[in-house]
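This report concerns only the one structure given below.
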Amino acid sequence: MILLNMRGSGTHVSFTKFTEFEQALSEFTGAPYVVLTDCCTHAIELCLRRQQKFLLRGRIPARTYLSVPMIFHKLALPYSMDEYEWEGEYKISPTNIWDSARRFERGMYRPGQQQCLSFGYSKTLEIGHGGAILLDKEEEYQWLKRASYDGRDLSISPWQDQINFQVGYHYRPTIEDCVKGLEMLAANQLKDPDTQKVTYPDLTKIKITD
């Protein structure tokens with residue numbers, strides 16, 4: 001069993017289900033750490049924000065969901081879109097970030113990587129909302145965790161007692177989604193990935209403007 005290092009979060013009753021869901025995802029996927037988010041798009045965004053100062057140019061497939069190039073545009077990061085086949089997940093080169101929105105399997109975690117999951121409609125774990133980041137570096141986990149919770153250190157309660165904040169984003173899921181995810185995992189209510197194949201348009205033909 002792989003357990004998460006949820007420093008201090010157990011003192012917050014309202015975050016118990018968050019912790020339990022992260023631990024359940026950790027055990028299912030094999031990832032030492034899991035950061036919950038409100039969607040896969042925001043999971044990818046947080047990972048790119050963490051790495052953006054080291055990224056000269058990103059590379060994504062020409063056929064993917066529209067929100068991915070939108071993230072690059074929003075962060076003013078250069079990127080290219082190339083025509084290549086992928087199934088379930090793809091790597092955002094040259095980073096270690098993966099768009100794994102259409103993959104959810106037992107033991108799926110790739111060591112040293114950051115795999116971003118989706119629990120939206122038509123996904124294998126179809127909660128309806130939510131996402132997560134799978135990773136194995138504690139330092140990255142701590143940064144991403146705070147970033148997804150408005151810059152909060154969850155070991156400090158109440159939050160008003162915290163003095164120093166990193167820049168944060170209101171990207172955490174709801175407690176209700178965590179409860180639903182726990183129930184679905186326990187009941188093995190997973191969709192067959194063969195039934196969720198999606199044809200994406202060629203995004204090189206679109207323009208994104210402010």
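Which residues, counting only those in segment 153-182, are touching a residue at least 24 places away in the same chain (Cβ under 8 Å) and β-branched (V, I, T)? Across segment 153-182, the qualifying residues are I156, T174, I175, V179.
Tell me which residues, restricted to segment 50-61, are buried (at least 18 other Cβ atoms within 10 Å of the Cβ) and either of a type in the set (G, A, S) or more than 11 Å from T95 (Cβ to Cβ) (or both). G58, P61 - these are the residues of segment 50-61 that are buried (at least 18 other Cβ atoms within 10 Å of the Cβ) and either of a type in the set (G, A, S) or more than 11 Å from T95 (Cβ to Cβ) (or both). Of all the criteria given as (1) farther than 16 Å from C40 by Cβ; (2) touching a residue at least 60 places away in the same chain (Cβ under 8 Å); (3) basic (K, R); (4) assigned to a loop (DSSP other than H, G, I, E, B), the one not satisfied by K207 is (2). I'd like to check something: does segment 33-53 contain any residue that is within 30 Å of N188 (Cβ to Cβ), modelled with pLDDT under 95 and out of contact with any helix residue (DSSP H, G or I) (no Cβ under 8 Å at 6 or more places or on another chain)? Checked against the condition, which is being within 30 Å of N188 (Cβ to Cβ), modelled with pLDDT under 95 and out of contact with any helix residue (DSSP H, G or I) (no Cβ under 8 Å at 6 or more places or on another chain), segment 33-53 yields no hits at all.
State the number of residues belonging to segment 153-164 that are out of contact with any Lys or Arg (no Cβ under 7 Å at 6 or more places or on another chain) and assigned to a loop (DSSP other than H, G, I, E, B).
Matching residues across segment 153-164 total 6.
Applying the condition of being in contact (Cβ under 8 Å) with a residue 60 or more places away in the chain and assigned to a loop (DSSP other than H, G, I, E, B) to segment 130-152 and asking which residue is farthest from D99 (Cα to Cα) yields K137. Right, S118: closer than 23 Å to I175 by Cα and not aliphatic (A, V, I, L, M) or not? Yes.
The values are calculated or read from the model by the stated rules, or taken from the named source; none is laboratory data. Model, not experiment: these values are computed from the prediction. Note that we place each Cβ from the backbone using ideal geometry, even for glycine, and neighbour counts take in every protein chain shown.
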